Amino acid sequence: MAPETDSLFPSSQRGESSLPLGLTLLSGAIAAAVVFPLVWILANALEVGGTTALDLLTRETTLRVFLNSTLLVAVVTAASIVIAVPLAYLTVRTNLPFKRFWTVALSMPLVVPSYIGAFAFVSAFGPRGELQSLLAPLGIEQLPEIYGFTGAALVMTLYTYPYVFISTRASLKTMDARLVDAARTLKHSRTEAFRRVTIPQIRPAVTAGALLVALYTLSDFGTPAIMRFDVFTKVIYAEQNSLSTFGQDLAALLSLQLVVVTFVILAIESRVRGSDTISTSGTSTRGALVHLGAWKWPALALCLGVAGLALVVPVGILTAWLIRGGSESAAASLAFQWEYAFNSVGVSAVAALVAGLAGLPIAYLAVRHRSRASWLIERASYVGYAVPGVVMGLALVYFGARYGGQFYQQELILFPLLIFAYVVRFLPQAVGSTRAGFLQVSPTLSDAARTLGRSPVAAFREVTLPLVAPGLLGGALLVFLTTMKELPATLLLRPTGFKTLVTHIWSAQASGHFGHAAIPALVLVVVSALSMLVMLAMEGYDVK
Amino acid sequence: MDSRDTSDAGGAGRRTLGTSRRRFLQSAGAAVGVASLAGCTQFLSGEDANATETPEFGQIGSGRIGDQIQGGTSMQDMPDLAGELTIYSGRGEALVGELIAYIEDLYPDLDIQPRYEGSSQLVQKILNEGQNSPADVFFSVNAGSLGFLADENRTEPLPSDVTDMVREEFHDPSGNWVGTSGRARTIPYNTESLSESDIPTDIMAFPDQEQLADSMGWAPSYGSFQAFVTAMRILNGEEATKQWLQGMVDLGVEEYTDEFAIALAVADGEIDAGFTNHYYIQRVLADREDAPLATAFTEGDAGAIFNVAGAAVVDTAEDTELAANFVRHLLSAEAQAYFATTTFEYPLIPDVEPVGDLPTIDELNPPADLDLTQLSDIRPTLDLMREVGISV
């Protein structure tokens, strides 16, 4: 490793210290619980006979789906980095005008569910869409094709790049900018300084965000379905709907393949991430801001282009639906009720709390006690993130019904199952953010507390935890946001009669009553936006 | 997503139909076998001011649908319903929510818990839940998923006096499920650009029709369309079906996400014809009486299949008699009138005629001897479609 990526705390003895048994067991149990639903998927896939499996896996469809999925993940991840890193740099390290505003606006696409984004883009730019109708008087008969790979990649990128944007920003804010200044005084050009000093410092944050983008892209069903692009999730869904043994087998094998791809992505990320930097807690120092000069205009255009495309299109389309849907008395059962918003906020808050707590020991172990075991536990906690909600939902229905007995019948375990599904799917967001928090807290602080006579637990509670709290809270908020948007597992596992914003949007949309979908969608965006503001107010993962 | 059966509920077109179902049901229930349909057009656009009018048999407003609703047994003459029922409904809430709520409101001791998801998803859920499923009734958008559930031995046979309410081709021979409403495959066409004689009566002839080049629409990811191609595969074989699909692609058929959008596009003249279920045409016409849109049928082939939505009692039903009696209510005069006038489907009990400009069931020419439950076997169909490059 290049010298500048070495930790500021020279090879802490903590790295080699033996694993604390209780904590390891706890983290291991959490990781095992999270991986558990995969057992069902594995068992299903293994039931398919060897020759059948080989036959299925080498079919043209299977190969194409594999290629499509990996291509989409690669392009979306790369595009997210290409967009997000410059934007993060602009909003932190330069004199870009209205930085505060752009920070908020550029983070906001994360609150728009990607399937709503996809619908909006199809409505706006699709054949016979809103834009085409607007342009029709000018003689424009056709717009470039939005369906297929282009549309899927565009929409996925627009609604996932904020993962990289937010984490990179946090890292840029906390890195010691004096290093850059030092490099500059050593006659490095600005580009050279960026490459030699900044990139290694932000690399763990960028890869952490990119990992979330890659895994989200792999697991999303709505966007590729709407954009008519065959990827794992879409074909798994179609095959499951075919209600034949053959289709079930293929679905199971594709799910298995999906999990394998997930492991590959995790391995790649582990490689790229390199060694972590640990910054001195609370003493990040701002270097001089970079003056953009004439570059101000292209910079502003980039910000405006990205935020405008990602936010104006869906909000515009939703508003149009809302206005047009005004006269609808149709389907009274689809009328909006505030109860849906409360339900959404309720389950999301519980999921965020549980995920935050469950992620804490895993993140602590991963940072403070590096070993093969803690690495494995941390990686395992990521696997559920890539499993599509439908697959996860069906697996949990199976377990709940088989082993839940009367509790399942009476729907008593459905809420716990639902929360469990959310935690399995979104735990990595909590782990990643909390982990970043721990990285920025020097272990010497709690050592100092120990020498002052505090017990390890007291030292952790009084010294470490308050410093990690922003990262922990940021992760929990991220889980909250994602849970608010989750659809397939919610549909399958919610107790009968329990409706949330997204299940309501879904039924309104599926029956063509778009006017009824607009209000809950806008409420969803507003509630999520509020939690995003909270997150930004504490500047994400900033320890300060 | 589009293969979700709930999307059968009306389509993702940009227009929606205003109706006032609650009002309709109140009037439908008020008199035996009667529905107040004062002016279907106004009624559907939500402008119906006749809610207070006393509904009476034969007393109907504007002429188009006239005196179509007749016959059948009223809910009042059916056994009372009391107890708790969990209904897994593959039919969308927007379509049948009001009907279910109406039945629940009719009986003070009845508590219905409906659960709306895709039909296939619900079948899988029941199978995954095993004997611990809370489902009492499975209400499905097609015969295929009902047949699948029956083949897995997860249904409780219905009493013969329930299944006998519909003709024998619309219920399972062993009584495992019964059809509650019907949907016919049709060819909507624009009457300004085509006349009925331009539409072939043989579905296999479509790819050769030069007059239809670049002017037809289909929705390949849509469940009912896939059932239609499956029927072609069963009736004409894989090779002929593949050639037909390729032929349509070569003819320049346009892809839509659902069939309501196709019916709208034909009415607007964007395309001249398409492949849709019959009720989408009626929904467009209900909204725009003067639309240049008409219905054509092919004869005795896959293009003319008549599928049913229906219901079954799940073997985990706590009270199978209650569950069966609920299914019986779906075949009541009121429910059948509801399907005819609100969802524009074919009622399945004798004497209740379809609404709108449609032939009666007897005048349709569906292919003979086609087992409707086979139409759920879309697996090889998906392969065929993918082979010619259609994303499904």
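The values are calculated or read from the model by the stated rules, or taken from the named source; none is laboratory data. Computed from a prediction, not measured in an experiment: that's the story for all the values here. Virtual Cβ from ideal backbone geometry, glycine too; neighbours counted across all protein chains shown.
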ask   = Could we say that residue A:490 is within 14 Å of chain B (Cβ to nearest Cβ), more than 21 Å from residue B:96 (Cβ to Cβ) and not hydrophobic (A, V, I, L, M, F, W, C) here?
value = yes
key: Enumeration of residues in region A:169-194 that are surrounded by 13 or more Cβ atoms within 10 Å (Cβ to Cβ), at pLDDT 75 or above and of a type in the set (Gly, Ala, Ser)   = A:170, A:171, A:182, A:183, A:193
task = Among residues belonging to region B:99-137 that are surrounded by 21 or more Cβ atoms within 10 Å (Cβ to Cβ), assigned to a helix (DSSP H, G or I) and of a type in the set (Gly, Ala, Ser), point out the one that is nearest to the other protein chains (Cβ to nearest Cβ).
result = B:120
remark   = (1) more than 14 Å from chain A (Cβ to nearest Cβ); (2) modelled with pLDDT under 95; (3) under 24 Å from the mean Cα position of the chain (by Cα) all hold for residue B:273 apart from (2)
Cross-chain or 6+ apart pairs with Cβ under 7 Å, region A:23-41 first and more than 13 Å from residue A:380 (Cβ to Cβ), then among the polar types (S, T, N, Q) and crowded, with 16+ Cβ neighbours inside 10 Å = A:41/A:255
task = Being polar (S, T, N, Q), modelled with pLDDT of 90 or more and either assigned to a helix (DSSP H, G or I) or out of contact with any Gly (no Cβ under 6 Å at 6 or more places or on another chain) (or both) narrows it down to one of A:464, A:482, so name that one.
result = A:482
ask   = If you go through region A:105-125 one residue at a time, do you hit one that is within 27 Å of residue A:515 (Cα to Cα) and not in a helix (DSSP H, G or I)?
value = yes
request  = May I ask you to verify whether residue B:361 is more than 23 Å from residue B:228 (Cα to Cα) and under 15 Å from the mean Cα position of the chain (by Cα)?
outcome  = no
key: Odd one out for residue B:266 among (1) in a loop (DSSP other than H, G, I, E, B); (2) over 26 Å from residue B:374 (Cα atoms); (3) among the β-branched types (Val, Ile, Thr)   = (1)
task = Determine whether region A:492-513 contains at least one residue that is touching a helix residue (DSSP H, G or I) at 6+ places or on another chain (Cβ under 8 Å), part of a loop (DSSP other than H, G, I, E, B), farther than 20 Å from residue A:159 by Cα and free of Cβ contacts under 8 Å to residues at least 12 places away in the same chain.
result = yes
message = Looking at the structure I just gave you, is residue A:166 surrounded by 22 or more Cβ atoms within 10 Å (Cβ to Cβ), β-branched (Val, Ile, Thr) and under 25 Å from residue A:471 (Cα atoms)?
response = yes
ask   = If we scan region A:526-541, do we find a residue that is part of a helix (DSSP H, G or I), within 14 Å of chain B (Cβ to nearest Cβ), among the aliphatic types (A, V, I, L, M) and more than 19 Å from residue A:163 (Cβ to Cβ)?
value = no
task = Please specify each residue of region B:359-392 satisfying the condition of being among the aliphatic types (A, V, I, L, M), crowded, with 17+ Cβ neighbours inside 10 Å, within 27 Å of residue B:312 (Cβ to Cβ) and more than 10 Å from chain A (Cβ to nearest Cβ).
result = B:361, B:364, B:370, B:372, B:375
request  = Take residue A:342 and decide whether it is outside any helix (DSSP H, G or I) and either among the aromatic types (Phe, Trp, Tyr) or touching a residue at least 12 places away in the same chain (Cβ under 8 Å) (or both).
outcome  = no
request  = Spot the failing condition for residue A:441; the list is (1) more than 30 Å from residue A:267 (Cα to Cα); (2) not in a helix (DSSP H, G or I), and only one is missed.
outcome  = (1)
query = Any idea which of (1) in contact with a Leu (Cβ under 8 Å, 6 or more places away or on another chain); (2) under 28 Å from residue B:260 (Cβ atoms) is the one residue B:192 doesn't satisfy?
reply = (1)
task = Identify, from the list B:213, B:205, the residue that is of a type outside the set (Lys, Arg) and modelled with pLDDT under 95.
result = B:213
key: Subset of region A:243-266 [out of contact with any helix residue (DSSP H, G or I) (no Cβ under 6 Å at 6 or more places or on another chain), within 13 Å of chain B (Cβ to nearest Cβ) and not hydroxyl-bearing (Ser, Thr, Tyr)]   = A:248, A:249
query = Does residue B:201 satisfy the criteria of being hydroxyl-bearing (Ser, Thr, Tyr), assigned to a strand (DSSP E or B), more than 14 Å from every other protein chain (Cβ to nearest Cβ) and on the phi < 0 side of the Ramachandran plot?
reply = no
key: Conditions (1) farther than 15 Å from residue A:392 by Cα; (2) more than 9 Å from every other protein chain (Cβ to nearest Cβ); (3) of a type outside the set (Gly, Ala, Ser): number failed by residue A:220   = (1)
query = Residues in region B:139-170 that are within 13 Å of chain A (Cβ to nearest Cβ) and either at pLDDT below 90 or closer than 20 Å to residue B:227 by Cα (or both): how many?
reply = 12
